[in-house]
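Since the structure comes first, as structure tokens, the remarks are kept for the end.
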Amino acid sequence: MQELRSSRDVNVDGFLTDALQVKAHLARYLCLSLEELETRLPTSTDDLADLHPGAFRPEDATEFYEDKVGTGHLLELAAWHLSSADYIADTLRLQGMAARGQVLDFGGGIGTHALSAAALPTVDHVWFVDLNPHNQAFVQQRAEAMGLSHKLSVHRDLGSTGDVCFDAVVCLDVLEHLPDPSAQLREFHQRMATNAIALLNWYFFKGHNDEYPFHFDEPSLVDCFFRTLQGQFLEVFHPLLITARLYKKI
Ligand SMILES: C[S@@+](CC[C@H](N)C(=O)[O-])C[C@H]1O[C@@H](n2cnc3c(N)ncnc32)[C@H](O)[C@@H]1O
């Protein structure tokens, strides 16, 4: 297996080279050869959608992400970060502008942003939160391989992070997965330090071909989300992306 690099290589260039060695890390975690992994990545978006039962009740979301998805999101997110590397790299550049002190990565997936934040000298600690136990174990393993485990802790939910106030909140491509994204915004607001920055995006859409059946898209939910966002946060301009946005607390 390819030699794992050190935390010095965890940066945007390292991401653009090989998505921070995600294939080597994933092959190790899933006990697959690199060749076997390559055959699984192209179908990973469809495979994840196929896990979804169809009509999705909000009360089923926790069980879906915690128990049903299994390793499906690891493969789907790895394939996405590899195929959309330029976009993800811009989100990492944006994170580099905002991340400092205590950083929350909520719904952190395969850990691209959490690990990159942990490698920043401006960051003291990253709190990686994700419902999926495979995502938690994978990111813990990656942090150890990269020599970053002393700056990153892994959690199932925000409740298990204690009472830390966050200086930066990262929540990318997660809000549309939540049955109540407005409540999640309010919780972020409560846990943010006075001058904290939140880095958020959202995609309340099931896809043109229903490839994201688990995304919530009800108009009333989206209205409620924007009312909370516009009532409690002020957008901070940045020049990098129009999808991912920065906010401070009002
Ligand atoms: C589309 S992925 C995004 C991952 C990562 N932020 C990225 O940009 O690649 C959504 C993630 O949110 C997690 N998730 C869904 N509901 C959650 C919840 N209520 N609390 C924490 N994580 C959740 C899923 O397990 C999944 O890893």
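Here are the numbers for this structure:
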| read-out | value |
| --- | --- |
| Selection count where residues are surrounded by 13 or more Cβ atoms within 10 Å (Cβ to Cβ), in a helix (DSSP H, G or I) and not acidic (Asp, Glu), scope the stretch 35-62 | 11 |
| Output for the stretch 49-73, where each listed residue is closer than 21 Å to Val139 by Cα and without any contact (Cβ under 8 Å) to a residue 60 or more places away in the chain | Glu63, Asp67, Lys68, Gly72 |
| Boolean, Asn195 is among the polar types (S, T, N, Q), within 12 Å of the ligand (Cβ to nearest atom) and in contact (Cβ under 8 Å) with a residue 40 or more places away in the chain | no |
| Selection status of Phe225, under 30 Å from Asp50 (Cα atoms) and at pLDDT 95 or above | yes |
| Number of the exception - Asp210 against (1) part of a loop (DSSP other than H, G, I, E, B); (2) surrounded by 14 or more Cβ atoms within 10 Å (Cβ to Cβ); (3) more than 20 Å from the chain's Cα centre (by Cα) | (2) |
| Criterion (closer than 27 Å to Glu63 by Cβ and either surrounded by fewer than 21 Cβ atoms within 10 Å (Cβ to Cβ) or within 19 Å of the chain's Cα centre (by Cα) (or both)) met by exactly one of Cys224, Cys165 | Cys224 |
| Some residue of the stretch 95-103 being in contact with an Asp or Glu (Cβ under 6 Å, 6 or more places away or on another chain) and polar (S, T, N, Q) | yes |
| In the stretch 103-115, residue surrounded by the fewest Cβ atoms within 10 Å (Cβ to Cβ) [restricted to those that are closer than 14 Å to Leu199 by Cα and of a type outside the set (Val, Ile, Thr)] | Gly107 |
| Residue that is farthest from the ligand (Cβ to nearest atom) [pool: residues in the stretch 61-82 that are more than 26 Å from Leu37 (Cα to Cα) and not small (Gly, Ala, Ser)] | Glu63 |
| Strands (runs of 3 or more DSSP E) fully within the stretch 104-201 counting 3 or more residues that are under 24 Å from Tyr87 (Cα atoms) | 123-129, 166-171, 192-200 |
| The lone exception for His113 - which of (1) within 14 Å of the chain's Cα centre (by Cα); (2) free of Cβ contacts under 8 Å to residues at least 40 places away in the same chain it fails | (2) |
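Yes/no matrix, rows are residues, columns are (1) among the charged types (D, E, K, R); (2) within 11 Å of the ligand (Cβ to nearest atom); (3) touching a residue at least 40 places away in the same chain (Cβ under 8 Å); (4) surrounded by fewer than 24 Cβ atoms within 10 Å (Cβ to Cβ):
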{"site": "Ser84", "(1), (2), (3), (4)": "no, yes, no, yes"}
{"site": "Arg100", "(1), (2), (3), (4)": "yes, no, yes, yes"}
{"site": "Val126", "(1), (2), (3), (4)": "no, no, no, no"}
{"site": "Gln136", "(1), (2), (3), (4)": "no, yes, no, yes"}
{"site": "Leu148", "(1), (2), (3), (4)": "no, no, yes, yes"}
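The values are calculated or read from the model by the stated rules, or taken from the named source; none is laboratory data. Remember, predicted model here, so these are calculated numbers, not experimental data. FYI the Cβ positions are ideal-geometry reconstructions off the backbone, even for glycines, and counts take in every protein chain you see.
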